[in-house]
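Beneath this line is the structure, given in structure tokens, with notes to follow.
The values are calculated or read from the model by the stated rules, or taken from the named source; none is laboratory data. Small disclaimer: the values here were computed from a predicted structure and weren't measured. Quick reminder, even Gly has a Cβ in these numbers, built from the backbone with ideal geometry, and neighbours come from all protein chains shown. For accessibility, only protein heavy atoms count, side chains too; no ligands or nucleic acids. Shrake-Rupley method; radii C 1.70, N 1.55, O 1.52, S 1.80 Å.
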Amino acid sequence: MQSKILTSHGMKANKLINSWVAFVVACVQLLSNNGRIAFVIPAEVLQVAYAEDLRLYLANSLAKITLITFEQLVFPGIEQEVVVFIGEKGSKEKGIRIIEMANLDDLERLDLNQNGFQKIQHVKEKWTKYFVTADEMSLIQELREDKRFAEFSEYGLINVGITTGNNSYFSVTEATTKEYELESVTLPLIGRSSHAHGIYFTSDDWEINKAAGKRARLISFPETPYENYPSAHKKYIELGEKTGKHEGYKCSIRDRWYIVPSVWVPDAFFLRRNNLYPKFVLNCCGAVSTDTMHRMKFNPGINPENILLAYYNSISFAFTEICGRSYGGGVLEILPGEMGNILLPRIEHIDPILRTSILEEIDTIIRNNENIETALDLVDQEILVNQLKIESDICKSFRSIWKKLQKRRLGRS
């Protein structure tokens, strides 16, 4: 029945779609020409991919959409963010508005007219973008069309990190490496945010991680016949089988469960799940990453340091929040396609001495855990304003957008 409801309205049906999606569609269909409907539904409607068709359907079917969100989780003991969705039909489209509440108590003082409607775009894009004002939305649209900017995806291939099937087994410490003589079949690994100390991942960083006992190596067993493996490697594989590592789904569907596919060395890494902001890091020591990081291979002719410098500014940080998705706990998650949609300033001609100077300062700020806004101030002025002639007020507006969306996300931690 659920699939029939969705497909009858031109929507795709798949196993990822929760039953509430079809229920909302069916109820909206039953509305009279001037009918109104309200639901308490998961806040996933704002951003998840499986609700793309629903967002488009609602935008096309309703004259007014009101979303009431809450800074705090409103159902004790349930780690599920919800929104109050109010939909109204009518002859004249008004658009969409978002009203933010601290908690349920604020509903007693709710004024539905406190926020005006914004023009809704009839697309499948996330609705989180409507947390900004109409003027800010107009500015965002202007920059999407500004030839001084390009999407991240224009500069190379963006892919998920290596899917090992069991990171704790395939990511190993120096102690495990020595015990099973694995050095010849391992690659340097940047496993998580704490492994990335600055905007460059260097051999020195890797040595620090190894010395600290971190899982700093990724096992990549060769395709050679098993009987030719050294006995120590066979012992490690046998250990995995004794402890059931080979029974996990990703491992179990491989011809040889212990051989990890799609192992290649990227040019850069981008953290998948983030707190204050994502780190974009150049790979300077032939490292690989698990699926906690995205990996990027630049197109021929691209200067990696130009792209590195292009990311650390207020506009790109704002687009990171716009393109990513917020989950409970204040986490910002960004998928490869979403990373690809982040806008970067085009840096094509820059004095190499200036570039090196700015990048060294950014690297120092991040390594010393200083305020990242110091780095953004520097790049905004030197690159966006001085080099690309972007108005400083635009930089300030995007800093405000970034801080507003970041604050809203972190408020749920």
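Observations
- Unique residue being among the small types (Gly, Ala, Ser) and over 15 Å from residue 172 (Cα atoms) when the list is 213, 244, 240: 244
- Take the conditions (1) under 30 Å from residue 330 (Cα atoms); (2) without any contact (Cβ under 8 Å) to a residue 12 or more places away in the chain; residue 30 misses just one of them, which is (1).
- Put simply, of 161, 156, 95, 165 the only residue that is touching a Ser or Thr at 6+ places or on another chain (Cβ under 7 Å) and either small (Gly, Ala, Ser) or closer than 21 Å to residue 333 by Cα (or both) is 161.
- From the list 255, 291, the one residue that fits, being surrounded by fewer than 20 Cβ atoms within 10 Å (Cβ to Cβ), of a type outside the set (Gly, Ala, Ser) and either in contact with a Cys (Cβ under 8 Å, 6 or more places away or on another chain) or under 30 Å from residue 367 (Cα atoms) (or both), is 291.
- Among the residues listed as 228, 166, 159, the single one being open to solvent by 40 Å² or more (accessible area, probe 1.4 Å) and touching a Lys or Arg at 6+ places or on another chain (Cβ under 7 Å): 159
- Residue tally, condition closer than 29 Å to residue 307 by Cα, open to solvent by 50 Å² or more (accessible area, probe 1.4 Å) and assigned to a helix (DSSP H, G or I), over segment 191-225: 5
- Residue among 322, 347, 315 that alone is part of a helix (DSSP H, G or I), closer than 21 Å to residue 380 by Cβ and modelled with pLDDT of 95 or more: 315
- For segment 227-242, the tally of residues that are in a loop (DSSP other than H, G, I, E, B) and either in contact with a Leu (Cβ under 9 Å, 6 or more places away or on another chain) or free of Cβ contacts under 8 Å to residues at least 12 places away in the same chain (or both) stands at 1.
- Candidates 109, 148, 97: the one that is touching a residue at least 12 places away in the same chain (Cβ under 8 Å), over 20 Å from the mean Cα position of the chain (by Cα) and open to solvent by 50 Å² or more (accessible area, probe 1.4 Å) is 148.
- Residue list for segment 50-71, filter: in contact (Cβ under 8 Å) with a residue 40 or more places away in the chain and either over 22 Å from residue 123 (Cα atoms) or surrounded by fewer than 15 Cβ atoms within 10 Å (Cβ to Cβ) (or both): 60, 71
- Verdict on residue 237 being hydrophobic (A, V, I, L, M, F, W, C) and under 29 Å from residue 383 (Cβ atoms): no
- Residues in segment 132-143 that are open to solvent by 20 Å² or more (accessible area, probe 1.4 Å) and either among the β-branched types (Val, Ile, Thr) or out of contact with any strand residue (DSSP E or B) (no Cβ under 7 Å at 6 or more places or on another chain) (or both): 133, 135, 136, 138, 139, 141, 142.
- Of all residues in segment 338-351 being open to solvent by 20 Å² or more (accessible area, probe 1.4 Å) and touching a strand residue (DSSP E or B) at 6+ places or on another chain (Cβ under 8 Å), the one that is nearest to residue 403 (Cα to Cα): 341
- Residue match in segment 267-280 (condition: in contact with a Pro (Cβ under 7 Å, 6 or more places away or on another chain), of a type in the set (D, E, K, R) and open to solvent by less than 20 Å² (accessible area, probe 1.4 Å)): no
- All positions within segment 98-133 that are part of a helix (DSSP H, G or I) and among the acidic types (Asp, Glu): 105, 106, 108
- Residue that is farthest from residue 279 (Cα to Cα), among those in segment 352-387 that are touching a residue at least 60 places away in the same chain (Cβ under 8 Å) and open to solvent by 40 Å² or more (accessible area, probe 1.4 Å): 364
- Residue that is within 19 Å of residue 342 (Cβ to Cβ) and exposed (fewer than 15 other Cβ atoms within 10 Å of the Cβ), where the choices are 129, 119, 124, 92: 124
- Residues of segment 183-217 that are in contact (Cβ under 8 Å) with a residue 60 or more places away in the chain and under 23 Å from the mean Cα position of the chain (by Cα): 189, 190, 191, 192, 193, 196, 197, 198, 199, 200, 201.
- The residues of segment 134-178 that are in a strand (DSSP E or B) and within 17 Å of residue 337 (Cα to Cα), listed by number, are 150, 151, 156, 157, 158, 159, 160, 162.
- Failed item, numbered, when residue 301 is tested on (1) of a type outside the set (Asp, Glu); (2) open to solvent by 50 Å² or more (accessible area, probe 1.4 Å); (3) assigned to a helix (DSSP H, G or I): (3)
- Check on residue 262, closer than 20 Å to residue 294 by Cα, out of contact with any Leu (no Cβ under 8 Å at 6 or more places or on another chain) and surrounded by fewer than 17 Cβ atoms within 10 Å (Cβ to Cβ): yes
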